[in-house]
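The values are calculated or read from the model by the stated rules, or taken from the named source; none is laboratory data. These numbers come from a predicted model, not from an experiment. Every residue, glycine among them, receives a Cβ derived from its backbone with ideal geometry; neighbour counts consider all protein chains shown. Areas reflect the complete protein model, heavy atoms only, side chains present, ligands, DNA and RNA absent. Shrake-Rupley method; radii C 1.70, N 1.55, O 1.52, S 1.80 Å.
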Amino acid sequence: MERRFASHPNEVKQFDTARLRKEFHIPVIFAPDELKLVLTHEDRMIVGGANPVNKDVVLTTDLKELGVTYFLERRELGVINVGGKGSVVVDGTEYEIDFKECLYVGQGAKDVIFKSADSAKPAKFYLNSAPAHQSYPTTKTTLAESESGAMGGLENSNERTIHRFIHAGGVQSAQLVMGMTQLKPGSMWNTMPSHTHPRRMEAYFYFDLPDDSIVFHLMGEPTETRHIVMHNEQAVISPSWSIHSGVGTHNYTFIWSMAGDNKRYDDMDPVGMKELQ
């Protein structure tokens, strides 16, 4: 498991492109038959992926890094499948997870195994894990079951649908909040006007993006904006003091996840368009 440290905004102002990418960009989420994990000290979130192709993948890591005897002893886990049909086995109970379906795994689950139904079309399980102080039931939810809402408009190139999976009004968790935003054809912008939420960090995972397209992910303080170029199936860490927005050369989907002091999706500090620099 790779470790990333937290960064101060005054320090980040001095970063060049290579340093920005080293600290915040996660270029590889999926590798065949492997578990890829990145631990960030921003609210101790873990971002990663499991890609079972020819064999099952087990949720495990160097437990000394977490100070526990098993992965979810003091953590909870959110899983969204962005590949072929698969399943997640949690302490002997198997949950079938199809494309764009979500599974929440509560604190205390000891054995978590990721499987693909077809090695020719393997599952790709995107993972987010946050520290937990209370155990909640393992729960599956689909796009149809999620709390969804349309936002934006074609006139501003940001017509999109937001699906909330793990949140205060949906699947319950200790602190993890997780959902998905799908941009419609002809729409490229997300989360603009932008905002910060100093009480929570956030991670974005971009997918459904053609190989020859990119997303410019915007980050930084509102008056010190920077950008990171994102390709398909890549993730980026957003500190709590940073804006998190983006524009692509093609419409796309992204998964957002948060951890911090509360679970209020609407707890945001808006940034006016004239404030951005």
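Table for the structure above
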| quantity | calculated |
| --- | --- |
| Selection within region 168-187 - in contact with a strand residue (DSSP E or B) (Cβ under 6 Å, 6 or more places away or on another chain) and either under 20 Å from V82 (Cα atoms) or not in a loop (DSSP other than H, G, I, E, B) (or both) | V171, L176, V177, M178, G179, M180, T181, Q182, L183 |
| Residues within region 53-97 that are of a type in the set (D, E) and buried (at least 16 other Cβ atoms within 10 Å of the Cβ), tallied | 1 |
| Selected residue (only one of A132, A109, A123 is of a type in the set (G, A, S), closer than 25 Å to G170 by Cα, touching a Phe, Trp or Tyr at 6+ places or on another chain (Cβ under 9 Å) and surrounded by fewer than 22 Cβ atoms within 10 Å (Cβ to Cβ)) | A109 |
| Some residue of region 228-243 being at pLDDT 95 or above, part of a strand (DSSP E or B), surrounded by fewer than 16 Cβ atoms within 10 Å (Cβ to Cβ) and of a type in the set (V, I, T) | yes |
| Condition broken by F165, with the remaining ones in (1) of a type outside the set (K, R); (2) at pLDDT 95 or above; (3) over 16 Å from the mean Cα position of the chain (by Cα); (4) under 30 Å from D91 (Cβ atoms) satisfied | (3) |
| Selection within region 158-171 - surrounded by fewer than 18 Cβ atoms within 10 Å (Cβ to Cβ) and touching a Gly at 6+ places or on another chain (Cβ under 9 Å) | T161 |
| Matching residues, region 190-224, being among the acidic types (D, E), in contact with a Phe, Trp or Tyr (Cβ under 8 Å, 6 or more places away or on another chain) and surrounded by fewer than 23 Cβ atoms within 10 Å (Cβ to Cβ) | D208, E221 |
| Per-region count, region 244-277, residues part of a loop (DSSP other than H, G, I, E, B) and in contact (Cβ under 8 Å) with a residue 60 or more places away in the chain | 14 |
| Per-region count, region 1-21, residues over 22 Å from D261 (Cβ atoms), within 18 Å of the chain's Cα centre (by Cα) and either open to solvent by less than 30 Å² (accessible area, probe 1.4 Å) or of a type outside the set (A, V, I, L, M, F, W, C) (or both) | 3 |
